[in-house]
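Throughout, read-outs are computed from the coordinates displayed, never taken from laboratory work. Keep in mind that this is a model prediction, so the values were computed, not measured. Quick reminder, even Gly has a Cβ in these numbers, built from the backbone with ideal geometry, and neighbours come from all protein chains shown.
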Amino acid sequence: MKTLALDINEESLSLAKKFIEQGETVAFPTETVYGLGANAFDENAVKKIFAAKGRPSDNPLIVHIADASLIENIAAEVSSDAKKIISSLMPGPITVVLNKQKCIPDCVTGGLPTVAVRMPSSPEAQTFLRAVNLPVCAPSANTSSRPSPTSWVHVAEDLDGKIPLILKGADCNIGIESTVLDLTRDVPLILRPGMITKSEIERVLCKKVFYPDKTDKTMNSPGIRYKHYAPNCETYLNVDGNTESITEFLRQNPAAGVVARDCYQNLADKFFSLGKDAYSGAQQVFAKLREAEKVCDRIIIVWDLKGEEADSVLNRVLKSCGGKIV
Ligand code: TXA
Ligand code: MG
């Protein structure tokens, strides 16, 4: 298949609309990561997403909408907690899991009775969703298990020849995927941490919010089971910034690249900057892993920042390295 990569304008948006209506997939930018979208009501189109990504079919997708009023067509009930999240934090980098309407096919939700809904804030994503005028289910637009795509170039690296259209927008501002908040349980549960933090959600809901009990398998998001965000070379993680252990690792692996904040710049020639703080770290982490894998046979990530936003980045890099801590 030939993959078109087009700037976002009236012409490319009407082509995107045509592809989505015809049951094809289209990659589009959001503020978190690029998504690979299809008509959420069209089972065959949804299956094409799983095929292009090589994604396990029991890992459910997020349904994207441009306007809050559309939630009623997707979710069976919108609880008062859901209403608070929608009015205070959406559009933005948060996804809510609600009980689903029957019209949402099982292949979107991996057979679950619930559905994940997100309203992206990026003007480019909004323009795309409004042009298409349908709920668009979309995972990140990368090959399954690879670092998520934060630029259209990353989408092309993974999916060229497998999808008909990439809408070329700006690089993603946030850089890691949305916070996934399950509102179908007795208590609100954060299934995936993101840049909208637990304290921010607790402030909006005026109640305690929890992380899943890792030993209770029924409480986890299906996506948690799979390998994620892995570069195509051996990757390690240092979480305490202890320069002795990092230097020792580099002595044993002299060709390794270092992906870290600017203060670690002097540690290696092959250095890939995560900027200064948790925000720049989130924005850059997947791009830097993709840059590093091209020129390094090994990678060491240093991520020693503390705090809620930093912990969301830690959640991603722990998966990138498959738990290999140095
Ligand atoms: O920022 C984002 O959320 C991006 C952009 C494209 O919007 N999308 C994204 O999709 O990250 P994906 O497919 O890579 O991750 C979706 C996550 C998975 O961890 C999945 O298991 C979880 O959401 N999820 C989806 N539906 C669910 C449901 N009904 N119940 C529990 N978890 C669900
Ligand atoms: Mg993903």
**Study point:** Under 11 Å, Cβ to Cβ, from Pro193 - net charge with Lys/Arg +1 and Asp/Glu -1
**Key:** -1
Point to revise | Efficiency of FRET between Ala5 and Lys47 - r from beta-carbon atoms, R0 22 angstrom, step 0.05 | key: 0.40
Study note, to complete from the structure: Shape descriptors of the chain over alpha-carbon atoms, Rg and Dmax in angstrom, are 19.4, 58
Exercise for review: For the stretch 28-133, calculate the relative contact order in percent as a whole number, restricting contacts to Cα pairs under 8 Å that are 6 or more residues apart.
Suggested key: 37
Review point. Taking the inverse of the average 1/r across all pairs of different Cα atoms in the stretch 15-158, what Kirkwood radius in Å do you get?
Key: 15.0
Exercise for review: Under a cut-off of 19 Å between alpha-carbon atoms, report the lysines in cross-link reach of Lys84, not counting same-chain residues fewer than 8 places apart.
Suggested key: Lys100, Lys198, Lys207, Lys208
Check your understanding: What is the distance in Å between the Cα centres of the stretch 148-175 and the stretch 187-219?
Key -> 29
Check your understanding: For the chain, what are the DSSP H helices with axial Cα length of 15 Å or more and mean Kyte-Doolittle hydropathy of at least -1.0?
Key -> 10-21, 43-53, 278-295, 308-320
Revision key, fill the gap. Filtered hits (aspartates and glutamates, Cα-Cα < 18 Å from Lys276, offset >= 8 within chain) -> Asp240, Asp262, Asp304, Glu308, Glu309, Asp311
Exercise for review: Could you work out the relative contact order of the chain, using alpha carbon pairs under 8 angstrom and six or more residues apart, expressed as a whole percent?
Suggested key: 20
Point to revise | Residue-averaged 222 nm ellipticity for the chain, from DSSP H runs of 4+ at -39500 (n - 2.57), nearest 500 | key: -9500 deg cm²/dmol
Check your understanding: Rounded to the nearest 5, what % of the DSSP beta bridges within the stretch 94-207 are antiparallel ones?
Key -> 65
Review point. Residue separation times 0.36 nm, minus the C-alpha to C-alpha distance between Tyr279 and Asp213: what's the value?
Key: 21.0 nm
Practice item. Mind giving me the nanometre distance, one decimal, between the label points for Lys306 and Asn266, set 7 Å out from Cα along Cα→Cβ? Key: 2.5
